[in-house]
Structure formats: structure tokens, C-alpha cells
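Student: Quick one: structure below, then a few questions.
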Amino acid sequence: MRLERVRLADFRNYAALDFTPEAGLNVFVGPNAQGKSNLLEALAMLATGKSFRAHRESELIRSGTERAEIGGEARIAVGAIRLRCTIGRTPAGTRKSFEVNGGSVGFARFLGRTRVVTFVPADLQLVSGGPALRRTFLNGALAQLSPTYYRDLALYQKVIAQKSALLRGAIAPDRDLLLAYNDELVRPASALVAARRAFVDEVAAATAEIYGRWRGTRERLGVTYAPNPEGDVAEALAGAVESEVRRRSTLIGPHRDDLRLLVDGTPLAAFGSQGQQRTAVLALKVAEYDVMRSRTGDAPILLLDDVLSELDAERAGGFLGAVGGFEQAFLTTTELPRDVGAAATWSILAATVSRC
Ligand SMILES: Nc1ncnc2c1ncn2[C@@H]1O[C@H](COP(=O)(O)OP(=O)(O)O)[C@@H](O)[C@H]1O
Ligand SMILES: [Mg+2]
């Protein structure tokens, strides 16, 4: 799939932009703080409806204005599609609304119409950092692949937040209410675990293959899903009631899942070299891309924010080569890279995009 046209109004530092990207690799080059990452963020939002970096969505609306708009025209396997995401400031906070082909739709029907794989510097901690990063990795791909996954996730997170508030409350929690929350959690929790397990199985195979190719076949990378609980969700929740009440926190459920990464049986996060960890991260990202492409029959759009500069030339080249066959990719950089095979290079200065 690819974006054929992108229009921004009052998004971040862009007052107005009408941009026609090329198929293939588009490189955004320019000094810092000009709007390169902002543009990439807008492209990602057309797929995910969410920013990959804003802490508060009000940041997305250009200072001094009330409403930001991202419009896109994309070519996907089944034809052309028009997308629009609007973020408005209201007294009660920000409000987002979504359109597909001119008709207003809810978030779940917008999400995943186009799909992206994003790779930002924070992802370089995917192996060495905490489990929340790895859950975000799973959710990011799965929510784009399946509206059902997204709905289950949203429901699960809502009930977990309620249950957590109950457990943390000043008074002893109402047992009946606690058990009612547990009942509500079982179905979405089991669905999330099943979807993650199937996805991780596919990603693991691809990751191990890519890792082996890059590091030499002597090293075997194992990626396994570490669900919480390992067994039946309803049973585990029932068995944990007393300890959850005592600890005043939710101990059981896929909000505590993780991925286990091992090289030849040794945990990579604790014992791997930085080189091994980085290679594993790149392999995971390429695998995410491959699985999304093979599951949908349509290559996702690849968004790379400032990451190639963090890598040595060999790894950067290996990464781009490995995702070879992408239909469209966008890459930001402060210095024009040596030959990366760009279809177009765009200079971004003060929120103006022009062909180099
Ligand atoms: N809501 C906003 N309104 C106006 N300017 C913004 C807003 N959010 C971010 N900016 C500006 O965008 C610039 C950063 O853009 P960014 O795309 O991150 O830069 P880079 O080109 O280095 O990737 C900063 O100058 C920042 O002040
Ligand atoms: Mg940037």
C-alpha cells in the first residue's frame, strides 16, 4: 500500500501542507526542529489514529489554533481510499474524529485501513527495556491487523482500570464487585492471549531466521511469548483473588505479558552484548513487517524516524535490504545519507516540504 497524497492543517508546526509522496523510499532531510518527525507522526496517525510520541493529544494541534486535520489518499490492495483524522480542542480536552471516504466512522473502523510499521529510536530498547515496550510492540501490530483485537484490548484495559481502582481504594474492596470484574475480564483476556500467541509464533520464526542470517547461524535466537497467566485465565484469576486483595494490585492478566528473548538459551536482555541486542531489535522489526505483509497480502508503509543515524552503516544497510520489497517507506535524517536508493528526497525547513 502507499500514500499518494497527504494534507495537513494546523497539525504540530504545519499551518498547511499539501504533499505528494513517491512510491518507494522517501527521505526527509533537514536540521533539527523543522517538522520531519511531525510529518512522520501525521503519516502514522492515518493508520493508527494515535500519535507514536505525544504525551497529550493537545500537543498535536498547532499552537494558537483549535483544530488539527490530517487527510490522506492511499492506494491499498482493494483500490483507493480517503482518510481523515481531526483533532479538536474542547473545554473538556481534545476530541478526535475519523472519516473514511468522506463518511464519519468510529475509531475501530478507521484503525488499520492503512497499516504502518514505525521504527523510532525508543524502539532500540525493545530488547533491553521493560516489558511495557514489548506489549506496545504486540498491540501496535495486532490492533492494525484486527479491529476485533483492538476492541478486546480497549474493553480489557477499561475493566482492568476499574478493577485496579477498586483494589487500590481506601476501603476494603467489595468482593462481589471484584468477582464481577474478573468475570468481565475472562473473555477479552483469553482473546488477547490467543491473538498474541499466534502472532508471536509467526514473528519468532521470522526473527530467528533474520537474526541467524545477520549474526551467523551458530547463534540461535529464540523468541517466545510469556503470557500471564500461562494457563486458563478464569482459573488463574480465581486463584489470585486473595493475593490481589492483599497486594492491592492486579497481578494476573495480559497487561502483564512479556516476550522472552534468548540466544542459545541465555536471556538476551541480561547477558547479550549491545550488538546482539541491537541486531535482535532490527530482526524483530523486520519480522513485524514481514508478518503484517504476509497476513494481509499488502505491504505496510514503513516509517523510520532518525534510526538509521543511530546504527552503523552495515546494520542500517542490512535493515533496509531485509525489508526489501517495501512498496513505500519514509525516513527522516539530519544528514543526507549516502546512497540508500531514495525514490525522492525532500528537504523540510520550517514546516515547508520541497523536493531536493
Ligand atoms: N502544537 C505545536 N504547535 C506549533 N509548533 C509545534 C507544535 N508541536 C511541535 N511544534 C514544533 O515542531 C518542532 C519540532 O518538530 P519535529 O518534527 O519534532 O522536528 P524534527 O525536524 O527535528 O524531527 C519544534 O520546533 C516544535 O516547537
Ligand atoms: Mg525528529
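The values are calculated or read from the model by the stated rules, or taken from the named source; none is laboratory data. Being a predicted model, the structure only gives us computed values, none of them experimental. Positions of Cβ are generated from backbone atoms using ideal geometry, with glycine treated the same way; all protein chains shown enter the neighbour counts.
Student: With the requirement that a residue be more than 16 Å from ligand 1 (Cβ to nearest atom) and crowded, with 16+ Cβ neighbours inside 10 Å, what does region 332-343 give you?
Tutor: Residues satisfying the conditions are 340, 342.
Student: Restricting to region 31-50, give me the number of residues that are within 10 Å of ligand 1 (Cβ to nearest atom) and on the phi > 0 side of the Ramachandran plot.
Tutor: 2
One line per residue, one yes/no per condition, for (1) modelled with pLDDT of 95 or more; (2) under 21 Å from residue 321 (Cα atoms); (3) not charged (D, E, K, R):
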{"position": "236", "(1), (2), (3)": "yes, no, yes"}
{"position": "256", "(1), (2), (3)": "yes, no, no"}
{"position": "264", "(1), (2), (3)": "no, no, no"}
{"position": "273", "(1), (2), (3)": "no, no, yes"}
{"position": "282", "(1), (2), (3)": "no, yes, yes"}
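Per-residue answers, yes or no, for (1) without any contact (Cβ under 8 Å) to a residue 12 or more places away in the chain; (2) among the acidic types (Asp, Glu); (3) in a helix (DSSP H, G or I):
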residue	(1), (2), (3)
141	no, no, yes
144	no, no, yes
149	no, no, yes
180	yes, no, yes
184	no, yes, yes
195	no, no, yes
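Student: Which one of these does residue 20 not meet: (1) away from ligand 2 (no atom under 16 Å from the Cβ); (2) under 20 Å from residue 343 (Cβ atoms); (3) touching a residue at least 60 places away in the same chain (Cβ under 8 Å)?
Tutor: Unmet condition: (3).
Student: (1) farther than 15 Å from residue 19 by Cβ; (2) free of Cβ contacts under 8 Å to residues at least 60 places away in the same chain; (3) within 16 Å of ligand 2 (Cβ to nearest atom); (4) buried (at least 16 other Cβ atoms within 10 Å of the Cβ): which one isn't true of residue 96, the others all being true?
Tutor: Result: residue 96 passes all but (3).
Student: For residue 203, indicate whether it is surrounded by 17 or more Cβ atoms within 10 Å (Cβ to Cβ) and more than 30 Å from residue 336 (Cα to Cα).
Tutor: Spelling it out, residue 203 is indeed surrounded by 17 or more Cβ atoms within 10 Å (Cβ to Cβ) and more than 30 Å from residue 336 (Cα to Cα).
Student: May I pose another question? Looking at region 57-83, which of the residues that are part of a loop (DSSP other than H, G, I, E, B) and either within 20 Å of residue 123 (Cα to Cα) or touching a residue at least 12 places away in the same chain (Cβ under 8 Å) (or both) is nearest to ligand 1 (Cβ to nearest atom)?
Tutor: In this case the residue turns out to be 62.
Student: Name the residue that is nearest to residue 76 (Cα to Cα), counting only residues in region 312-356 that are of a type in the set (S, T, N, Q) and in contact with a Cys (Cβ under 9 Å, 6 or more places away or on another chain).
Tutor: 345
Student: In region 84-94, how many residues are part of a strand (DSSP E or B) and out of contact with any helix residue (DSSP H, G or I) (no Cβ under 9 Å at 6 or more places or on another chain)?
Tutor: The qualifying residues number 3.
Student: I'd like to know if region 5-17 contains one or more residues that are small (Gly, Ala, Ser) and on the phi > 0 side of the Ramachandran plot.
Tutor: No - not one qualifying residue is present in region 5-17.
Student: If you don't mind, another one. Output yes when any residue across region 321-334 is within 16 Å of ligand 2 (Cβ to nearest atom), more than 19 Å from the chain's Cα centre (by Cα) and of a type outside the set (Gly, Ala, Ser), and no when none is.
Tutor: Yes: region 321-334 contains one or more residues that are within 16 Å of ligand 2 (Cβ to nearest atom), more than 19 Å from the chain's Cα centre (by Cα) and of a type outside the set (Gly, Ala, Ser).
Student: Could you grab me the full set of residues in region 167-177 that are surrounded by fewer than 17 Cβ atoms within 10 Å (Cβ to Cβ) and assigned to a helix (DSSP H, G or I)?
Tutor: Selection gives 168, 175, 176, 177.
Student: A further question follows. Only one of 284, 304, 237 is in contact with a Leu (Cβ under 9 Å, 6 or more places away or on another chain), within 16 Å of ligand 1 (Cβ to nearest atom) and either closer than 30 Å to residue 6 by Cβ or outside any strand (DSSP E or B) (or both); which?
Tutor: Only one candidate qualifies: 304.
Student: A follow-up question, please. With the requirement that a residue be assigned to a loop (DSSP other than H, G, I, E, B), of a type outside the set (Lys, Arg) and more than 15 Å from residue 3 (Cα to Cα), what does region 330-347 give you? Can you show your working first?
Tutor: Of region 330-347, the ones assigned to a loop (DSSP other than H, G, I, E, B) are 334-343.
Within this subset, residues satisfying the condition of being of a type outside the set (Lys, Arg) are 334-337, 339-343.
Of everything in region 330-347, those that are assigned to a loop (DSSP other than H, G, I, E, B), of a type outside the set (Lys, Arg) and more than 15 Å from residue 3 (Cα to Cα) turn out to be 334, 335, 336, 337, 339, 340, 341, 342.
Student: Could I ask something else about it? Restricting to region 23-43, name every residue that is within 13 Å of ligand 2 (Cβ to nearest atom) and in a strand (DSSP E or B).
Tutor: 28, 29
Student: When you check residue 64 against the structure, is it surrounded by fewer than 22 Cβ atoms within 10 Å (Cβ to Cβ), on the phi > 0 side of the Ramachandran plot, at pLDDT below 95 and out of contact with any Phe, Trp or Tyr (no Cβ under 7 Å at 6 or more places or on another chain), yes or no?
Tutor: no
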